[in-house]
Amino acid sequence: MKQIKTDNAPAAIGPYSQAIISGNTVYCSGQIPINPATGDIPDGVSAQAHQVFKNIKNLLDASGTSIDNVIKTSVFIKDMNDFAEINAIYAEYFTEPYPARSCVEVARLPKDVLLEAEVIAEIK
């Protein structure tokens, strides 16, 4: 296993790694919409979704792969009524063939953000 650490994604806020590489697979921890440069969380679901996917992209870049190599995503959202808006933003970051995905509504997320996402990607 190899631990990935980058200043271009939020630092871990607990006893976990930002990402781990095992073989040719990257396992990214859940990313919330923290701007890694400022520590700020943007307002609104649209801005938060963009920040989450930017953080994922940056973490994958630091891992030696790209968002184009994502195999599986898990998206956790505070309110399923935001699904369409989040889904539209998701489609700006992922292209066909789209990764397998699960999306669930949850009661609460760290720092009371509106969404969190994690990915598994392949290193090619």
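The values are calculated or read from the model by the stated rules, or taken from the named source; none is laboratory data. Given the structure is predicted, the values throughout are model-derived calculations rather than measurements. Cβ placement follows ideal geometry from the backbone for every residue including glycine, while neighbour counts extend to all protein chains displayed. Side chains are part of the model used for accessible areas, which takes the heavy atoms of the whole protein and leaves out ligands, DNA and RNA. Shrake-Rupley method; radii C 1.70, N 1.55, O 1.52, S 1.80 Å.
In the range 7-26, which residues are assigned to a loop (DSSP other than H, G, I, E, B) and of a type outside the set (Gly, Ala, Ser)? Break it down stepwise before answering.
Kept after step one, since they are assigned to a loop (DSSP other than H, G, I, E, B), are these residues of the range 7-26: 7-18, 23-24.
Passing the criteria: Asp7, Asn8, Pro10, Ile13, Pro15, Tyr16, Gln18, Asn24.
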Practice item. Restricting attention to the range 92-124, report how many residues are among the β-branched types (Val, Ile, Thr) and farther than 14 Å from Asp82 by Cβ. Key: 4
Check your understanding: What pairs come up if the first residue lies in the range 37-62 and is open to solvent by less than 40 Å² (accessible area, probe 1.4 Å), the second is among the basic types (Lys, Arg) and part of a loop (DSSP other than H, G, I, E, B), and their beta carbons are under 8 Å apart, counting only those six or more places apart or on different chains?
Key -> none
Review point. When you scan the range 111-124, how many residues do you find that are over 17 Å from Ile32 (Cβ atoms) and either open to solvent by 60 Å² or more (accessible area, probe 1.4 Å) or assigned to a strand (DSSP E or B) (or both)?
Key: 4
Check your understanding: Hey, any hits in the range 43-62 for a residue that's among the hydrophobic types (A, V, I, L, M, F, W, C) and under 13 Å from Lys111 (Cα atoms)?
Key -> no
Review point. Pairs under 8 Å by beta carbon, first residue under 18 Å from Ser66 (Cβ atoms) in the range 1-14, partner in a loop (DSSP other than H, G, I, E, B), six or more apart or different chains?
Key: Ile4/Ser17; Ile4/Gln18; Ile4/Ser63; Thr6/Gln18; Asn8/Pro36; Ala9/Gln18; Ala9/Pro36
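Among the residues of the range 98-110, how many are open to solvent by less than 70 Å² (accessible area, probe 1.4 Å) and either of a type in the set (D, E, K, R) or part of a strand (DSSP E or B) (or both)?
Residues of the range 98-110 open to solvent by less than 70 Å² (accessible area, probe 1.4 Å): 99-100, 102-104, 106, 109-110.
Those still in the list that are either of a type in the set (D, E, K, R) or part of a strand (DSSP E or B) (or both) too: 100, 102-104.
Result for the range 98-110: 4.
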Revision key, fill the gap. Per the list (1) within 28 Å of Met1 (Cβ to Cβ); (2) in a loop (DSSP other than H, G, I, E, B); (3) open to solvent by 60 Å² or more (accessible area, probe 1.4 Å); (4) among the hydroxyl-bearing types (Ser, Thr, Tyr), residue check on Thr95 breaks on (1)
Point to revise | Qualifying residues in the range 1-22 (those that are more than 16 Å from Ile120 (Cα to Cα) and β-branched (Val, Ile, Thr)) - the one modelled with the highest pLDDT | key: Thr6
**Study point:** First in the range 73-84 and assigned to a loop (DSSP other than H, G, I, E, B), second anywhere and open to solvent by 70 Å² or more (accessible area, probe 1.4 Å) and not aliphatic (A, V, I, L, M), Cβ under 7 Å, 6 or more apart
**Key:** Asp79/Glu105
